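Have a look at the structure below before the remarks.
The values are calculated or read from the model by the stated rules, or taken from the named source; none is laboratory data. Fair warning: this is a prediction, and the values are worked out from it, not measured in the lab. No Cβ is skipped: glycine too gets one built from the backbone with ideal geometry, and neighbour counts run over all protein chains shown.
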Amino acid sequence: MKVITANFVTCAVKECKTSPASFPLHFNDAELEQQELDFQPEFIRNVLPRIDWEALRTISNELGFPTLPDSKPEGEALDNEQTLKDLHRLLLETHVTEGKLTCGNCGHSYMIKEGIANFLLPSHLGEEYHLFLNNIIPHALFTQIASQIDTPGLGTGF
Amino acid sequence: MDYLVRFAQLHETFRRPELEACATLAGVSIEIIAYNEYSPYCVVRLPNEAAARAVAKRSILVKDIFELWGEGTNYEELHADVRRRTHGRWNDYIAVPFKFTIDYFAGTRNTVQKGEIIRSFSYMGFKGPIRLSNPDEEFFVMEEYVDDVEVSILGTTRTGDPRKIYLSRKIADSCREAVLKYDLKKRRYISTTSMDAELSLITANMALAAPGKLFFDPFVGTGSFIVAASHFGALTLGADIDGRSFRGKESGKLGIYENFDQYGIKSKFLDTFTSDLTNTPLQRTAVLDGIVCDPPYGVREGLRVLGNRRGKPAVNVIIDGIPAYLRPGFIPPKKPYGFEALQNDVLNFAVRSLVPNGRLSMWMPTTNDEKTEFPVPMHENLEIISISVQNFNTWARRLITYRRLPEGELSDISLARKNIDDQGTSADALNAFRRVHMLPGHGTRVGKDQKTAE
């Protein structure tokens, strides 16, 4: 997963999307790789306004890169080729091959394997998860009730 | 200036919208003067030759583009029109190496007749050497006859003479050769549901894929659409509910990436990830320039999203003290999903994630059966740009292209369907298309199913 993609994704749990703590997802145990790609300044210029700069600074720090400037390069700064090349290197050429992305709101971790993140939610984090999240039932009870309803070992909905 | 477009004679309902999309991409205005779906020739008005080149260069269904020198329903009219339009320009071509070609649609001429036709233009006085290969200028006489298809569908009378004749000067070829380059037969990584190269490229054109843009396919599969969008220069992202579809079987190799590698467009590939559109990890902000997709509509596979079947409670199963979903090999449960509910989810997703004027190009199946009609899904924040149809025997599929309207503009959706089929428990109950085409006693499977039932 490239850094640019990490800047566009948040927790897949619907309830988390409204919480500021869910973005950006936090990298753990990330293994990094650099891959050289054609420099495409028009893409950087087009996409930069859509990048959440604060989130990018957080991601960049968590991956162990030097701290980014306080504010997003805009206007004339985008004519500076070195600035665009640095962004190209961070956003497009840096990718996480193995690791986890964790939501700061619900704590769920998404695995990254061979560069591919898996955002599928286990069933209890799907549409009915709000029962737990909205404190209608505590997690322990939720798990307990759940395990009594279904026969352990069979799984659900196969 | 008037130009003559020579189309490929197939996918007729895609031709005009694609041509218009190419003009939008080139940033020029185009006016279609004469178009007939039963003919490959189409007259358009464009500002200048550079515009004509730019439009043709991006089109898949255009074969080539010409400067129109004259037209008529017979040679007398044609010659008169040629004199009127181009009399003052003949001198410019007096010494240029040139070639005359006769092109005909649904008709033919023998060598003697061809010679006569070419000689009938001698009044233009070209003295340049005739050069059959690599001429500096190539002039085309195009004869359009009435085609058998038009005779059988519209009942037009066919005569021995051409219905329309054009004289034109060739300007440029299109990028139609990309269809061969991206041929599925030669592609490294494909599956049974891969969209063919031509329609994928057309889809990318309709959605205005171009350098610098960010494109996404939420049902990426083996990546036909994002490969096509990246061919035109867009950087692409893909997602699929089943990671195996883009990953492939060979370990250590990412199937979809092999395709980008094969075509030399690795730098255009961003990422693929496993996710479900109803619980997408993409942020709720406008970041995409285009969405291209062929949602799984249950022709080959039933629709599924993550979740439990209605009535079954959500549970967190514990096996040997570890929650099942944390164990290796966990397969999240999926539930059947409605045909229209899915389409609406795609539209809602597009409204949230497209930048203003960004485009969604989505395929959907429909039927040729007039009794059952599948309405075009609509959304007030999306303007329908075009609807094209590809017909099969008992069913058809259409490509619908939408534009994300900027805030403050709304489209008229009073004709849109109100109730959505998200209630039900089986794939068939949820999917009108599947009911019509896949169940016993319907559509293509009639014979076989009746046998089984007995």
**Asked** If a residue has to be modelled with pLDDT of 90 or more and touching a Lys or Arg at 6+ places or on another chain (Cβ under 8 Å) to count, how many in region B:232-255 make the cut?
**Response** 6
**Asked** Of the residues that make up region A:61-72, is at least one among the hydroxyl-bearing types (S, T, Y) and at pLDDT below 95?
**Response** yes
**Prompt:** Applying the selection to region B:200-259, what residues are part of a strand (DSSP E or B) and closer than 15 Å to B:S275 by Cα?
**Reply:** B:F216, B:D217, B:L237, B:G238, B:A239, B:D240
**Message:** I'd like the residue in region A:101-115 that is more than 9 Å from chain B (Cβ to nearest Cβ) and part of a loop (DSSP other than H, G, I, E, B) and, out of all such residues, is nearest to B:L282 (Cα to Cα).
**Reply:** A:C103
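Return the only residue of A:E98, A:E76 being more than 9 Å from chain B (Cβ to nearest Cβ) and at pLDDT 95 or above. Walk me through it before giving the result.
Working: A:E76 fails: at pLDDT 95 or above.
Of the residues listed, the single one that is more than 9 Å from chain B (Cβ to nearest Cβ) and at pLDDT 95 or above is A:E98.
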**Prompt:** In region A:51-67, which residues are in contact with a Phe, Trp or Tyr (Cβ under 8 Å, 6 or more places away or on another chain) and within 14 Å of another protein chain (Cβ to nearest Cβ)?
**Reply:** A:D52, A:A55, A:I59
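Which residue out of A:D29, A:D52 is among the acidic types (D, E), closer than 30 Å to A:P122 by Cα and exposed (fewer than 13 other Cβ atoms within 10 Å of the Cβ)?
Result: A:D29 is the single residue among A:D29, A:D52 that is among the acidic types (D, E), closer than 30 Å to A:P122 by Cα and exposed (fewer than 13 other Cβ atoms within 10 Å of the Cβ).
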**Message:** Six or more apart or on different chains, Cβ atoms under 6 Å: show the pairs whose first residue is in region B:9-32 and within 15 Å of B:S361 (Cβ to Cβ) and touching a residue at least 40 places away in the same chain (Cβ under 8 Å) and whose second is aliphatic (A, V, I, L, M) and surrounded by fewer than 18 Cβ atoms within 10 Å (Cβ to Cβ).
**Reply:** B:T13/B:V389
**Asked** Which one of the conditions (1) among the hydrophobic types (A, V, I, L, M, F, W, C); (2) modelled with pLDDT of 95 or more; (3) out of contact with any Cys (no Cβ under 8 Å at 6 or more places or on another chain) does B:L415 fail to meet, given that it meets all the rest?
**Response** (2)
**Message:** Among the residues that make up region B:15-28, is at least one of them farther than 21 Å from B:S200 by Cα and modelled with pLDDT of 95 or more?
**Reply:** yes
**Message:** Quick check on my filter: what residues within region B:33-42 are without any contact (Cβ under 8 Å) to a residue 60 or more places away in the chain and of a type outside the set (S, T, N, Q)?
**Reply:** B:I33, B:A34, B:Y35, B:E37, B:C42
**Message:** Can you tell me how many residues within region B:360-401 are hydroxyl-bearing (S, T, Y) and at pLDDT 90 or above?
**Reply:** 4
**Message:** For B:K213, only one of the following conditions fails: (1) of a type in the set (D, E, K, R); (2) within 14 Å of chain A (Cβ to nearest Cβ); (3) over 27 Å from B:P365 (Cβ atoms); (4) surrounded by fewer than 19 Cβ atoms within 10 Å (Cβ to Cβ). What is its number?
**Reply:** (4)
**Complete:** Residue set B:D147, B:D161; condition acidic (D, E) and exposed (fewer than 15 other Cβ atoms within 10 Å of the Cβ); output residue B:D161
**Request:** Among the residues of region A:1-42, count how many are over 21 Å from B:S275 (Cβ atoms) and facing chain B (nearest Cβ under 10 Å).
**Result:** 8
**Asked** If you go through region B:75-104, how many residues are part of a helix (DSSP H, G or I) and more than 13 Å from B:I165 (Cα to Cα)?
**Response** 11
**Message:** Checking the structure you have, find out if any residue of region B:110-120 is under 30 Å from B:G27 (Cα atoms) and either touching a Ser or Thr at 6+ places or on another chain (Cβ under 8 Å) or of a type in the set (K, R) (or both).
**Reply:** no
**Asked** Tally time: how many residues in region A:33-75 are in contact with a Ser or Thr (Cβ under 6 Å, 6 or more places away or on another chain), in a loop (DSSP other than H, G, I, E, B) and closer than 30 Å to B:F232 by Cα?
**Response** 3
**Item:** Unique match (being touching a residue at least 40 places away in the same chain (Cβ under 8 Å) and within 14 Å of the chain's Cα centre (by Cα)) among A:L63, A:L92, A:L84
**Value:** A:L63
**Message:** Criterion first (acidic (D, E) and farther than 19 Å from B:R6 by Cα) does B:D92 satisfy it?
**Reply:** yes
**Fill in**
All conditions in (1) facing chain A (nearest Cβ under 7 Å); (2) among the charged types (D, E, K, R); (3) part of a helix (DSSP H, G or I) are true of B:R284 except (3)
**Asked** Does B:T192 satisfy the criteria of being within 27 Å of the chain's Cα centre (by Cα) and either under 21 Å from B:H11 (Cα atoms) or part of a loop (DSSP other than H, G, I, E, B) (or both)?
**Response** yes
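For every residue, the table says whether it meets (1) out of contact with any strand residue (DSSP E or B) (no Cβ under 7 Å at 6 or more places or on another chain); (2) crowded, with 18+ Cβ neighbours inside 10 Å; (3) not in a loop (DSSP other than H, G, I, E, B).
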{"site": "B:R6", "(1), (2), (3)": "no, yes, yes"}
{"site": "B:L19", "(1), (2), (3)": "no, yes, yes"}
{"site": "B:S29", "(1), (2), (3)": "yes, no, no"}
{"site": "B:I32", "(1), (2), (3)": "no, no, yes"}
{"site": "B:E37", "(1), (2), (3)": "yes, no, no"}
{"site": "B:V44", "(1), (2), (3)": "no, yes, yes"}
{"site": "B:A56", "(1), (2), (3)": "no, yes, yes"}
{"site": "B:I60", "(1), (2), (3)": "yes, yes, no"}
{"site": "B:I65", "(1), (2), (3)": "no, yes, yes"}
**Request:** Give the residue that is nearest to the other protein chains (Cβ to nearest Cβ), with candidates limited to residues of region B:287-304 that are at pLDDT below 60 and touching a strand residue (DSSP E or B) at 6+ places or on another chain (Cβ under 7 Å).
**Result:** B:R304
**Asked** Looking at region B:330-345, which of its residues are away from chain A (no Cβ under 11 Å) and either assigned to a loop (DSSP other than H, G, I, E, B) or at pLDDT 95 or above (or both)?
**Response** B:Y337, B:G338
**Request:** Check region A:43-58 and report whether any residue there is more than 20 Å from the chain's Cα centre (by Cα), among the acidic types (D, E) and within 25 Å of B:K213 (Cβ to Cβ).
**Result:** no
**Complete:** Within region B:254-276, the count of residues that are more than 9 Å from chain A (Cβ to nearest Cβ) and not aromatic (F, W, Y) comes to 8
**Request:** Could you tell me whether region B:88-99 includes any residue that is touching a Leu at 6+ places or on another chain (Cβ under 8 Å) and either charged (D, E, K, R) or at pLDDT below 95 (or both)?
**Result:** yes
**Asked** In region B:105-153, how many are modelled with pLDDT of 95 or more and in a strand (DSSP E or B)?
**Response** 9
